[in-house]
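The values are calculated or read from the model by the stated rules, or taken from the named source; none is laboratory data. None of the values given here were measured: they were computed from a predicted structure. Note that each Cβ is placed from the backbone with ideal geometry, even for glycine, and that neighbours are counted across all protein chains shown.
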Amino acid sequence: MNRTKKIRISALMLILALLLALCGAPLGAAASYELPADVSINAQAALVVGLGPTQADDTVLYERDADAMKSPAALIKFMVAAVSIQMIRDKDIDIDTATGTYTVESFNRFAGTGLTDANMKFGETWTIRDLLSMSSIRTAADACMTLAVTLAGSEEQFVAEMNATAQKIGCENTSFANVTGIDHINQYTSARDIYRIMRYAMDFPEFESLFAASQYTATPVSGGDGDCSLPSSNDMLRQSTKYYYEPLAFGTTGYTDSAGRCLASVARDSGYEYLVVVLGCPEQNSEGESGVHFRDSKTLYRWAFNNFTYKTLLSKNEPVTQLPVRLAWNRDSVTLVPETNFSATVANDLDPSTILKKETLTADMVDAPVTKGEVYGKVELFINVDQKIGEVNLIASESVERSQILSLWADVQKFLTSPWFYGGLALLGVLLVGYIILNIVHNRRRRRNRMKKVKKYR
C-alpha cells in the first residue's frame with residue numbers, strides 16, 4: 001500500500017470516528033433564550049438546560065460561550081465518579097469490602113499544588129465506597145489518586161478511560177490529563193461537555209447521591225487514627241451557609257487560578273428539573289460580593305423556574321399532513337401523525353399554536369399497501385424561524401390495503417410504458433420487416449423458376 005492510500009484511509013477513519021462521536025450523544029432540543037435586562041451573571045461561560053424524561057427531550061434555555069474550552073478544575077469529579085462506577089460494575093467490585101491504600105507515590109502526583117485533600121496518611125487503607133465518596137464531596141486529591149490507582153492500576157490508565165468515555169458520549173471540547181483537577185495544557189472542557197458528562201452519569205442510580213450529601217464521614221479500614229469528616233464544597237447544599245438553595249438536588253464546585261470559580265448542579269422544584277453550569281466566575285462581583293458562582297447559579301435557576309413551562313406541543317394522534325397513496329380502491333391518501341407526543345420546556349407565554357412545523361417526507365407519493373405505524377418522514381418544530389426545539393417521526397395513522405385490480409392495471413401500464421415493451425415492439429417490427437423481405441425474395445425466386453420452366457417447354 002502506497003503512502004497516498006494510507007493517508008486517505010487514515011483521513012476516512014478519522015471522519016467516521018468523529019461522525020460516530022457526534023451521533024452518539026445528542027444534546028436534545030436547542031432553543032436558547034436571552035436573559036432579560038434585569039437578570040445578569042458574571043460567569044465567562046454558562047449553560048442552562050431544562051431536563052426532560054430523556055436526554056433527547058432536554059432543552060437548552062440559555063448559553064454563554066458554552067463551547068469555549070475551559071479548565072475544569074474540580075468539576076473533573078463528575079467524570080472520575082462516572083468512570084469509577086462503570087469500572088466497579090464491570091469488575092463486579094464490592095465497594096464495602098474492596099479497599100485501596102494511600103501511598104507516597106500517589107501523594108507525589110499532586111504534592112505542592114495546594115489542592116484540597118482528606119488529610120489521609122501514608123499506609124492508610126480505605127474502602128472503595130469511602131474513596132469514591134471523599135473524591136466526590138470535596139475533590140480530596142489523596143482520595144482521587146488512591147481511587148484511580150486502585151481501580152485502574154495507575155492514574156494514566158484511569159485518565160485513558162476518562163478520555164475514552166468522553167469520546168463515547170460525544171464530548172467535543174474535552175481532554176483529561178489527571179484525576180485531581182490540576183491545571184494542565186491537555187486538560188480542558190466546556191460548559192456543554194460538562195452537561196453531557198453529567199447527563200451520562202445520571203443514568204447511574206448511585207451517581208446523584210455522591211454529589212447530594214452536605215457532609216461525609218469515613219473511617220479507614222486500617223492504618224488510621226480516627227474518622228475523616230468532609231463537608232461539601234457546594235455551599236448551596238449546606239443549610240448553615242448563606243448560599244443554601246433548597247431546590248438544589250446535587251452538584252459540585254471547582255476552583256483553580258486558571259479556571260476561576262465553577263459550579264455545575266441540578267435543581268428540582270414543582271416537577272421541573274434544570275441543570276446549570278457556570279465556569280470562570282470571579283472571586284467577587286462588581287459590588288464586592290463573594291460566592292459569585294453560587295449567586296450566578298441561583299440567579300439562573302430562579303429565572304428558569306419563574307419563566308418556563310414544560311408543555312406538550314404536539315400530540316401523538318394529532319394529524320399533521322396527508323401523504324398521497326396509489327393503488328388503493330377507495331383511498332387516495334393516508335393521514336400522517338406524530339409517532340410520540342412531543343413536549344419541551346418553553347417560555348410561559350408561548351402559545352403552542354404559534355409553533356412552526358416543517359414536514360419532511362420520505363416520498364411525494366407511496367403505493368399501497370400502507371402499514372399503520374410505518375414511518376414516512378418527520379416534522380420539525382421551531383420557535384420563531386430559526387430556533388428548532390425538536391423533531392418527531394411521522395407515521396401512518398392507519399393501514400391502507402392494496403387493490404388487486406388497480407395493482408394489475410398498474411402493472412400493465414408499467415409494462416406498456418417500459419423499455420422492455422418498446423424494445424419488444426421494435427424487435428417485432430424488425431422481424432415483421434424481415435419476414436416481408438424474405439417473403440418478397442422467396443416469391444421472386446418462385447416466379448423466376450416458373451418462367452424458366454415455361455421457356456423450356458416452348
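Within region 268-281, residues that are among the charged types (D, E, K, R) have Cβ atoms under 6 Å from residues that are part of a strand (DSSP E or B) in these pairs: ARG268/ALA249, counting only partners at least 6 apart in sequence or on another chain. Taking region 171-194 as the search range and keeping residues that are under 17 Å from the mean Cα position of the chain (by Cα) and outside any helix (DSSP H, G or I), which one is nearest to GLU63 (Cα to Cα)? Result: SER190.
Restrict the check to region 125-142 and report whether at least one residue is closer than 23 Å to LEU230 by Cβ, in contact (Cβ under 8 Å) with a residue 12 or more places away in the chain, surrounded by fewer than 19 Cβ atoms within 10 Å (Cβ to Cβ) and more than 30 Å from the chain's Cα centre (by Cα). The answer is yes, given that some residue of region 125-142 is closer than 23 Å to LEU230 by Cβ, in contact (Cβ under 8 Å) with a residue 12 or more places away in the chain, surrounded by fewer than 19 Cβ atoms within 10 Å (Cβ to Cβ) and more than 30 Å from the chain's Cα centre (by Cα). Any residue at all in region 4-25 that's modelled with pLDDT of 85 or more and closer than 25 Å to GLY251 by Cβ? For region 4-25, residues modelled with pLDDT of 85 or more and closer than 25 Å to GLY251 by Cβ: absent. Annotation: ASN285 fulfils all but one of (1) within 28 Å of VAL49 (Cα to Cα); (2) within 26 Å of the chain's Cα centre (by Cα); the unmet one is (2).
Each row is one residue, and each column tells you yes or no for (1) touching a residue at least 12 places away in the same chain (Cβ under 8 Å); (2) surrounded by 11 or more Cβ atoms within 10 Å (Cβ to Cβ).
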| site | (1), (2) |
| --- | --- |
| LYS316 | yes, yes |
| THR321 | yes, yes |
| ALA328 | yes, yes |
| SER333 | no, yes |
| THR340 | yes, yes |
| SER343 | yes, yes |
| GLU359 | yes, yes |
| ASP364 | yes, no |
| LYS372 | yes, yes |
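When THR116 is tested against the conditions (1) under 28 Å from the mean Cα position of the chain (by Cα); (2) closer than 26 Å to GLN44 by Cα, the lone failure is (1). Could you give every pair whose Cβ atoms fall below 6 Å, whose first residue belongs to region 177-191 and is within 17 Å of GLY280 (Cβ to Cβ), and whose second residue is outside any loop (DSSP other than H, G, I, E, B) and not polar (S, T, N, Q), counting only separations of at least 6 or pairs across chains? Close Cβ pairs satisfying both conditions: GLY181/ALA73; GLY181/ALA74; GLY181/ILE76; ALA191/ALA45; ALA191/LEU47; ALA191/VAL277; ALA191/LEU279. You will find that of ALA82, ALA66, ALA74, the residue that is in contact (Cβ under 8 Å) with a residue 60 or more places away in the chain, in contact with a Leu (Cβ under 7 Å, 6 or more places away or on another chain) and in the same structural domain as THR252 (by TED's automatic domain parsing) is ALA66 and no other. Of the residues making up region 40-53, at least one is free of Cβ contacts under 8 Å to residues at least 24 places away in the same chain and under 20 Å from PHE250 (Cβ atoms).
Looking only at region 188-213, residues that are in contact with a strand residue (DSSP E or B) (Cβ under 7 Å, 6 or more places away or on another chain) and surrounded by fewer than 22 Cβ atoms within 10 Å (Cβ to Cβ) come to 3 in all.
Restricting attention to region 311-331, the residues that are assigned to a loop (DSSP other than H, G, I, E, B), at pLDDT below 90, in contact with a strand residue (DSSP E or B) (Cβ under 6 Å, 6 or more places away or on another chain) and on the phi < 0 side of the Ramachandran plot total 3. Looking across region 386-423 at every residue that is at pLDDT 60 or above and part of a helix (DSSP H, G or I), the one that is nearest to ALA347 (Cα to Cα) is identified as GLN404.
Residues that are of a type outside the set (Ser, Thr, Tyr) and in contact with a strand residue (DSSP E or B) (Cβ under 9 Å, 6 or more places away or on another chain) do occur in region 158-166, at least one of them.
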